[in-house]
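Structure first, then comments.
The values are calculated or read from the model by the stated rules, or taken from the named source; none is laboratory data. What you are looking at is a predicted structure, and each value in this text was computed from that prediction instead of being measured. Glycine also receives a Cβ, built like all others from the backbone with ideal geometry; neighbour counts cover every protein chain displayed.
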């Protein structure tokens with residue numbers, strides 16, 4: 001994802017003291033980077049979709065037929081919600097270090113509150129929430145910048161369009 005105000009303003013926090021709701025901020029002359037509030041919002045949107053997919057357990061086995069242009073066929077069968085949950089967990093595991101991964105599992109995946117997490121991880125409240133914000137920022141950036149198929153924006157992931165190499169027309 002190329003970061004500019006047009007694709008970050010929708011998720012930015014209006015009361016942010018750094019970006020003032022624009023979603024990007026300038027760090028150097030001419031260097032525009034996404035604000036941390038936008039990165040956290042991206043992560044939270046992806047987490048909400050992950051939880052929606054996990055809660056719809058009765059419909060996990062449904063298969064969708066997607067149309068694409070590949071060499072062998074023009075249709076692909078997939079299980080989008082299961083693929084999204086797997087991608088969400090695997091990307092998170094690859095990006096985070098061991099301590100961040102433990103916090104991620106306990107707090108975000110298993111749903112433990114901060115008191116239980118602090119007790120289990122032997123952390124104080126301040127360090128725990130600083131780690132949570134770092135995790136949200138790191139994963140938000142990763143989910144948006146993942147190549148070739150990012151997890152965010154969610155409409156592109158679940159739209160059903162598979163972009164592969166363009167086939168040359170036969171004469």
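For the reader, a short list of remarks on this structure follows.
- Some residue of region 120-134 being closer than 19 Å to residue 52 by Cβ, assigned to a helix (DSSP H, G or I) and within 18 Å of the chain's Cα centre (by Cα): no
- Within region 90-112, considering residues that are in contact (Cβ under 8 Å) with a residue 24 or more places away in the chain and surrounded by fewer than 18 Cβ atoms within 10 Å (Cβ to Cβ), the one farthest from residue 146 (Cα to Cα): 99
For every residue, the table says whether it meets (1) surrounded by 15 or more Cβ atoms within 10 Å (Cβ to Cβ); (2) touching a strand residue (DSSP E or B) at 6+ places or on another chain (Cβ under 8 Å); (3) at pLDDT 85 or above.
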{"residue": "8", "(1), (2), (3)": "yes, yes, no"}
{"residue": "14", "(1), (2), (3)": "no, no, no"}
{"residue": "22", "(1), (2), (3)": "yes, no, no"}
{"residue": "25", "(1), (2), (3)": "yes, yes, no"}
{"residue": "28", "(1), (2), (3)": "no, no, no"}
{"residue": "35", "(1), (2), (3)": "yes, yes, yes"}
{"residue": "47", "(1), (2), (3)": "yes, no, yes"}
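- Long-range neighbours under 7 Å by Cβ, at least six apart or interchain, first residue in contact (Cβ under 8 Å) with a residue 40 or more places away in the chain within region 119-131, second assigned to a helix (DSSP H, G or I) and surrounded by 11 or more Cβ atoms within 10 Å (Cβ to Cβ): none
- Residues of region 129-153 that are touching a helix residue (DSSP H, G or I) at 6+ places or on another chain (Cβ under 9 Å) and surrounded by fewer than 17 Cβ atoms within 10 Å (Cβ to Cβ): 129, 133, 134, 146, 149.
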